[in-house]
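Novice: Pasting a structure here, questions to come.
The values are calculated or read from the model by the stated rules, or taken from the named source; none is laboratory data. Given the structure is predicted, the values throughout are model-derived calculations rather than measurements. Neighbour counts run over all protein chains shown; Cβ positions are idealised from the backbone, glycine included. Heads up: the accessible areas ignore ligands, DNA and RNA and are worked out on the full protein's heavy atoms, side chains in. Shrake-Rupley method; radii C 1.70, N 1.55, O 1.52, S 1.80 Å.
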Amino acid sequence: SLQFNAAQETQKQLDQIIREWAAPDEFPDHVILSATEDPSNSIGVNWRTHANNTVGYLEIAPAGPGPDFRNNAKTYPAVRNLVNSSEASKDGFKSSFFEVQIEGLTPNTKYAYRVGNDNFKSEWHHFKTANNQPTPISFLYVGDAQNYILELWSRVIRNAYKTAPDADFFIHAGDLVDKGHEDIDWNEWFAAGSFIHSEIPAIAVPGNHEYRYLDGSVYSQDEVLSVQWNAQFGFPKNGPKGLEKTCYYIDYPDLKIIALNSNVAIKRQAKWLREILKSNDKKWIVVTYHHPVFSASTGRDNPEIRSLWQPIFEEYNIDIKNSL
């Protein structure tokens, strides 16, 4: 009995240490780039701080070889979203999430940026806008980070970056984390990717693990999207109403990328997808979503996706269909 109580107390202490590690503080963290509808002249930037921080901004300038690039920096105020994940998770807490959408950038140009406020700022990060003329494109693709994120998935994303450090974007095809409302899981995901998230624009779709009931259970009729999702990503809002940032499209000169939310509103997205493809003028089309059209696993069949989306994929000769 004494040994059991001691083990319980040790576990409580460990849990508290992990929770404190995942909590935001005054310094900006979880800095991430999101691809926008036109990546040649715009970018989305998001980050997180302690809930007490109510003001944030971004500084950006064309990157130069020395420190003088800072003299040409422009400042953009951020939109703040207060997220209280404790309403969805016993290990949650309040956080301030900030978002800046920048337009009017110069195509095919390397920029340096940092985020924060007058007291606490991040380091300067780099990214490059897309070319506005047809040019070869490379991208990285991962899915189901979900388990052993910091322990093992960190090796995957870091080796991917080493293989293609100049990739134009990074597709994350759902189940980024195991428990969609857990700040501890999200902190592992951001720690595993480290500065990569802040330098290669992300394109992500939610998987079934990003949908959870607010009591933390996975399988429920009342599952809702991760409470952090919309606040921590700056994806386009050009999809169907109510599915903003989970269903959207991105246009490169010769490439259209369509992100679909395979968790909800399958029929409504099918109608939207057909309309988008009817007016498409791009040479290549990539569609990314989480649930597969065909599955070899028992109990994981997706007949609605197969009956509503697959005919559209075939009709419009989709070049790459990413799912897990």
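Novice: Could you tell me which numbered condition VAL156 fails, if it satisfies all but one of (1) modelled with pLDDT of 95 or more; (2) over 23 Å from ASP38 (Cβ atoms); (3) open to solvent by 20 Å² or more (accessible area, probe 1.4 Å); (4) under 16 Å from the mean Cα position of the chain (by Cα)?
Specialist: (4)
Novice: Touching a Phe, Trp or Tyr at 6+ places or on another chain (Cβ under 6 Å) and either at negative phi or in contact (Cβ under 8 Å) with a residue 60 or more places away in the chain (or both): does that describe PHE98?
Specialist: Numbers: touching a Phe, Trp or Tyr at 6+ places or on another chain (Cβ under 6 Å): yes; either at negative phi or in contact (Cβ under 8 Å) with a residue 60 or more places away in the chain (or both): yes.
Yes; evaluated as a whole, the condition is true for this residue.
Novice: Something else about it: Residue by residue through segment 163-193, note down the ones that are without any contact (Cβ under 8 Å) to a residue 24 or more places away in the chain and either closer than 23 Å to ARG114 by Cα or part of a loop (DSSP other than H, G, I, E, B) (or both).
Specialist: Here is the first cut: in segment 163-193, the residues without any contact (Cβ under 8 Å) to a residue 24 or more places away in the chain are 163, 165.
PRO165, the sole residue that qualifies.
Novice: What's the total number of residues in segment 73-89 that are at pLDDT below 95 and loosely packed, with under 12 Cβ neighbours inside 10 Å?
Specialist: So the count comes out to 1.
Novice: For residues in segment 129-153 being without any contact (Cβ under 8 Å) to a residue 12 or more places away in the chain and assigned to a loop (DSSP other than H, G, I, E, B), which is surrounded by the fewest Cβ atoms within 10 Å (Cβ to Cβ)? It would help to see each step written out before you state the result.
Specialist: Taking segment 129-153 first, the residues without any contact (Cβ under 8 Å) to a residue 12 or more places away in the chain are 136, 148, 151-152.
This time we only want the ones that are assigned to a loop (DSSP other than H, G, I, E, B), so: 136, 148.
Numbers: PRO136: 7, TYR148: 13.
Filtering first and then ranking leaves PRO136.
Novice: Could you please let me know if GLY239 is assigned to a loop (DSSP other than H, G, I, E, B) and touching a Cys at 6+ places or on another chain (Cβ under 7 Å)? Spell out how you get there, then give the answer.
Specialist: Numbers: assigned to a loop (DSSP other than H, G, I, E, B): yes; touching a Cys at 6+ places or on another chain (Cβ under 7 Å): yes.
Answer is yes for this residue.
Novice: If you don't mind, there's one more thing I want to ask. Do we have TYR213 as at pLDDT below 95 and farther than 17 Å from HIS291 by Cβ here?
Specialist: On the way: at pLDDT below 95: yes; farther than 17 Å from HIS291 by Cβ: yes.
Against the criterion (at pLDDT below 95 and farther than 17 Å from HIS291 by Cβ), TYR213 qualifies.
Novice: Further question on the same structure: Among the residues that make up segment 62-80, is at least one of them of a type in the set (A, V, I, L, M) and in contact with a helix residue (DSSP H, G or I) (Cβ under 7 Å, 6 or more places away or on another chain)?
Specialist: yes
Novice: Among residues belonging to segment 296-324 that are among the polar types (S, T, N, Q), within 25 Å of the chain's Cα centre (by Cα) and assigned to a loop (DSSP other than H, G, I, E, B), point out the one that is modelled with the highest pLDDT.
Specialist: The selected residue is ASN302.
Yes/no per residue for (1) open to solvent by 60 Å² or more (accessible area, probe 1.4 Å); (2) farther than 15 Å from ILE32 by Cβ; (3) modelled with pLDDT under 95:
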position: PHE93; (1), (2), (3): no, yes, yes
position: PHE97; (1), (2), (3): no, no, no
position: GLY104; (1), (2), (3): yes, yes, no
position: SER122; (1), (2), (3): no, no, no
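Novice: Go through the residues of segment 221-244 one by one and say whether even a single one is over 22 Å from the mean Cα position of the chain (by Cα) and exposed (fewer than 13 other Cβ atoms within 10 Å of the Cβ). Don't jump to the end; show me each part of the working.
Specialist: Applying the first criterion (over 22 Å from the mean Cα position of the chain (by Cα)) to segment 221-244 yields 221-222.
This time we only want the ones that are exposed (fewer than 13 other Cβ atoms within 10 Å of the Cβ), so: 221-222.
Yes - at least one qualifying residue is present in segment 221-244.
Novice: Pairs please, first residue from segment 274-295 and without any contact (Cβ under 8 Å) to a residue 12 or more places away in the chain, second anywhere and open to solvent by 10 Å² or more (accessible area, probe 1.4 Å), Cβ atoms under 7 Å, 6+ apart in sequence or on different chains.
Specialist: The qualifying pairs are SER295/ASP301; SER295/ASN302.
Novice: Given ARG19, ARG48, ARG70, which one is touching a residue at least 60 places away in the same chain (Cβ under 8 Å) and open to solvent by 50 Å² or more (accessible area, probe 1.4 Å)?
Specialist: Values: ARG48 fails: open to solvent by 50 Å² or more (accessible area, probe 1.4 Å); ARG70 fails: touching a residue at least 60 places away in the same chain (Cβ under 8 Å).
The unique qualifying residue is ARG19.
Novice: Among the residues that make up segment 275-288, is at least one of them part of a helix (DSSP H, G or I) and open to solvent by 30 Å² or more (accessible area, probe 1.4 Å)? Working first, answer last.
Specialist: At the first step, the residues of segment 275-288 found to be part of a helix (DSSP H, G or I) are 275-278.
Then keep just the ones that are open to solvent by 30 Å² or more (accessible area, probe 1.4 Å); that gives 275, 278.
For segment 275-288, residues part of a helix (DSSP H, G or I) and open to solvent by 30 Å² or more (accessible area, probe 1.4 Å): present.
Novice: Every residue in segment 88-115 that is over 30 Å from LYS12 (Cβ atoms) and within 20 Å of the chain's Cα centre (by Cα), please.
Specialist: We begin by selecting, within segment 88-115, every residue over 30 Å from LYS12 (Cβ atoms); these are 98-115.
Matches in segment 88-115: PHE98, GLU99, VAL100, GLN101, ILE102, GLU103, TYR113, ARG114, VAL115.
Novice: Right, another one. So how many residues does segment 75-99 have that are touching a His at 6+ places or on another chain (Cβ under 6 Å) and under 30 Å from PRO62 (Cβ atoms)?
Specialist: Count: 0.
Novice: In this structure, does ASN41 turn out to be within 29 Å of the chain's Cα centre (by Cα), among the polar types (S, T, N, Q), open to solvent by 30 Å² or more (accessible area, probe 1.4 Å) and closer than 30 Å to ILE250 by Cβ? Let's see the steps before the verdict.
Specialist: Details: within 29 Å of the chain's Cα centre (by Cα): yes; among the polar types (S, T, N, Q): yes; open to solvent by 30 Å² or more (accessible area, probe 1.4 Å): yes; closer than 30 Å to ILE250 by Cβ: yes.
Yes.
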